[in-house]
Amino acid sequence: MKLQADIQTQIQTLATDIKTFVEQEKTKIAQSVNTGMLFTYWHIGKMIAERQSILNIDNQTDRKFVLALSKELSKLAGKGFSRSNLFNMRMFYTNYPNVQTLSGHLTWSHYCELITILDIEKRNFYQIESD
């Protein structure tokens, strides 16, 4: 009987340890995916901004350019490349030209909110508060 009680206690402890480990790993994976998404969107924004600069795209042509790119990307790569999302990616790059300054604690949704704040000091304040 004593052996059975010890085994049951060990099983419960092991199960708790495994559950804790799995939860920690899920958090790490989610953070890694978030960081990868931020880097990807930042890089796409950089690519768009650089190409538009090379082509001397003006404000009037800008919307048509991004809409055409959105349609082409949607055909080639699927969802996630709406015109508004591509504009956000470009603004993300423009507002955060150094990818190393990005916080992995903030999500794409957080950055989409932050890039709408034109005042840099206010944006930095809210970014620090959100982090």
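The values are calculated or read from the model by the stated rules, or taken from the named source; none is laboratory data. As the structure is a prediction and not an experimental result, all values here were calculated from the model. Positions of Cβ are generated from backbone atoms using ideal geometry, with glycine treated the same way; all protein chains shown enter the neighbour counts.
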Residue check, Gln60 polar (S, T, N, Q) and surrounded by fewer than 10 Cβ atoms within 10 Å (Cβ to Cβ):
yes
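Looking only at helices (runs of 4 or more DSSP H) that fall completely inside segment 41-131, which ones have 3 or more residues that are over 16 Å from the mean Cα position of the chain (by Cα) and of a type in the set (S, T, N, Q)? Spell out the reasoning first.
Numbers: elements: 59-77, 83-95, 108-114, 120-130.
Output list reads 59-77.
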Log entry, pairs with first residue in segment 93-109 being surrounded by fewer than 14 Cβ atoms within 10 Å (Cβ to Cβ), second being at pLDDT below 85 and in a loop (DSSP other than H, G, I, E, B), beta carbons closer than 6 Å, six or more apart or on different chains, reads His105/Asp131
Is there a residue being touching a Pro at 6+ places or on another chain (Cβ under 9 Å), among the charged types (D, E, K, R) and modelled with pLDDT of 90 or more anywhere in segment 69-86?
no
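When the residues of segment 87-112 are narrowed to those that are in contact with a helix residue (DSSP H, G or I) (Cβ under 9 Å, 6 or more places away or on another chain) and of a type in the set (S, T, N, Q), which ends up modelled with the highest pLDDT?
Narrowing segment 87-112 to residues in contact with a helix residue (DSSP H, G or I) (Cβ under 9 Å, 6 or more places away or on another chain): 87-97, 99, 102-108, 110-112.
Going one step further and asking which of them are of a type in the set (S, T, N, Q), we end up with 88, 94-95, 103, 107.
Details: Asn88: 97, Thr94: 94, Asn95: 93, Ser103: 80, Thr107: 91.
Step by step, filter segment 87-112, then rank; the result is Asn88.
Being more than 28 Å from Glu121 (Cα to Cα), among the small types (Gly, Ala, Ser) and surrounded by 13 or more Cβ atoms within 10 Å (Cβ to Cβ) narrows it down to one residue among Gly45, Gly80; which is it? Please lay out each step first, then the result.
Working: Gly45 fails: more than 28 Å from Glu121 (Cα to Cα).
Just one listed residue meets the conditions, Gly80.
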Would it be correct to say that Thr16 is surrounded by fewer than 15 Cβ atoms within 10 Å (Cβ to Cβ) and at pLDDT below 95?
no
Residue in segment 8-24 that is within 29 Å of the chain's Cα centre (by Cα) and either among the acidic types (Asp, Glu) or closer than 30 Å to Tyr93 by Cβ (or both) present
yes
Kindly indicate the residue of segment 110-131 that is surrounded by 13 or more Cβ atoms within 10 Å (Cβ to Cβ) and among the hydroxyl-bearing types (Ser, Thr, Tyr) and also nearest to Ile44 (Cα to Cα) among those meeting that condition.
Tyr111
Which pairs have Cβ atoms under 6 Å, sit 6 or more apart or on different chains, and link a residue in segment 42-68 that is on the phi < 0 side of the Ramachandran plot to one that is of a type in the set (Val, Ile, Thr) and part of a helix (DSSP H, G or I)?
Trp42/Val99
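Could you say which residue among Phe81, Phe125, Phe87 is in contact with a Ser or Thr (Cβ under 6 Å, 6 or more places away or on another chain) and without any contact (Cβ under 8 Å) to a residue 24 or more places away in the chain? Explain how you work it out, then say what you get.
Working: Phe125 fails: in contact with a Ser or Thr (Cβ under 6 Å, 6 or more places away or on another chain); Phe87 fails: in contact with a Ser or Thr (Cβ under 6 Å, 6 or more places away or on another chain).
Testing whether each residue is in contact with a Ser or Thr (Cβ under 6 Å, 6 or more places away or on another chain) and without any contact (Cβ under 8 Å) to a residue 24 or more places away in the chain leaves just Phe81.
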